[in-house]
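The values are calculated or read from the model by the stated rules, or taken from the named source; none is laboratory data. Every value quoted in this text rests on a predicted model; they were computed, and no experiment measured them. Cβ atoms come from the backbone with ideal geometry, glycine included; neighbour counts cover every protein chain shown.
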Amino acid sequence: MVPPDPQPEDATGAPELVEPAAVIDSEIDDLEPLSFGRRTARVLAVGVMVCIAALWVYTLWGPTKKTPPGLLADATWAVQAQAICTDAAAELDVLPPAYTAADAPARADVIMTASESLRTMLRRLGASAPAADASNDGRMINEWLTDWQIYMGDRDRYVAALEADPSARFYVTEKVKGQQITKPIDFFAKYNDMPNCVTPGDLG
């Protein structure tokens, strides 16, 4: 039997502990300075985390929230407008949808009756609206009412077209290229909690 290798002893005669080579190499690696690439990667990682934290802080506790475009700063008029539009909507609800009319003359009659209710609504809205130059709310409200008047003109032209051509179609003016004027009308109404002030769907 081959005797085991003697263990090295320290000055006191006790066996000396020998660390594995892998542990020693690891400690040496930890003591070595980082390379330029590794230092840069750590700096970038820390920078990204700081930016993300700053973004959340700005989002949650940033500057005073601004009024989004199209939203009235004072909702008082919108409450009044919703009540006025609700009256008109009730009058339109008792009418049959124009697109269900038996023929073109009957369709034109229904449209004209509905349009009269809408014009009364617009007169009441205009009378209660602030002046266009009084505030930003006044400017937006009056622009919205102007869009409504343009839409009413489209309805009138459709009635005239039906008299000449029973198969005439209803066309809506574009506010901007590719966007019918009904879109900003309805957006403004819904955005300011005036759901009954959207354009009616009586024409299909």
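Looking only at the range 147-165, count how many residues are surrounded by 13 or more Cβ atoms within 10 Å (Cβ to Cβ) and farther than 18 Å from Q180 by Cα.
Final tally of qualifying residues: 3.
Residue by residue through the range 74-92, note down the ones that are farther than 14 Å from T120 by Cβ and touching a Leu at 6+ places or on another chain (Cβ under 7 Å).
A78
Which residues, taken from the range 89-114, are of a type outside the set (A, V, I, L, M) and part of a loop (DSSP other than H, G, I, E, B)? Give the steps one after another, and end with the answer.
The initial filter retains those residues of the range 89-114 that are of a type outside the set (A, V, I, L, M), namely 91, 93, 96-97, 99-100, 103, 105, 107, 109, 113.
Of everything in the range 89-114, those that are of a type outside the set (A, V, I, L, M) and part of a loop (DSSP other than H, G, I, E, B) turn out to be P96, P97, D103.
From L145, L125, L162, L118, which residue is in contact (Cβ under 8 Å) with a residue 24 or more places away in the chain and within 19 Å of A75 (Cβ to Cβ)?
Unique residue meeting the criteria: L125.
Just give me the residues in the range 165-203 being touching a residue at least 40 places away in the same chain (Cβ under 8 Å) and aromatic (F, W, Y), in sequence order.
F187, F188, Y191
Of the residues T59, T67, T40, T86, which is at pLDDT below 70, under 37 Å from the mean Cα position of the chain (by Cα), assigned to a helix (DSSP H, G or I) and not aromatic (F, W, Y)?
Exactly one residue qualifies, and that residue is T59.
How many of the residues in the range 112-129 are hydroxyl-bearing (S, T, Y) and closer than 11 Å to A88 by Cα?
Residues flagged as hydroxyl-bearing (S, T, Y) and closer than 11 Å to A88 by Cα within the range 112-129 amount to 3.
Could you please find all residues in the range 104-146 being among the charged types (D, E, K, R), under 22 Å from G201 (Cα atoms) and surrounded by fewer than 19 Cβ atoms within 10 Å (Cβ to Cβ)? Before the answer, list the steps.
Looking only at the range 104-146, we keep the residues that are among the charged types (D, E, K, R), and these are 107, 109, 116, 119, 123-124, 133, 137, 139, 143.
Among the residues that remain, those that are also under 22 Å from G201 (Cα atoms) are: 107, 109, 116, 119, 123-124, 143.
If the condition is that a residue be among the charged types (D, E, K, R), under 22 Å from G201 (Cα atoms) and surrounded by fewer than 19 Cβ atoms within 10 Å (Cβ to Cβ), then D109, E116, R119, R123, R124, E143 are the ones that fit.
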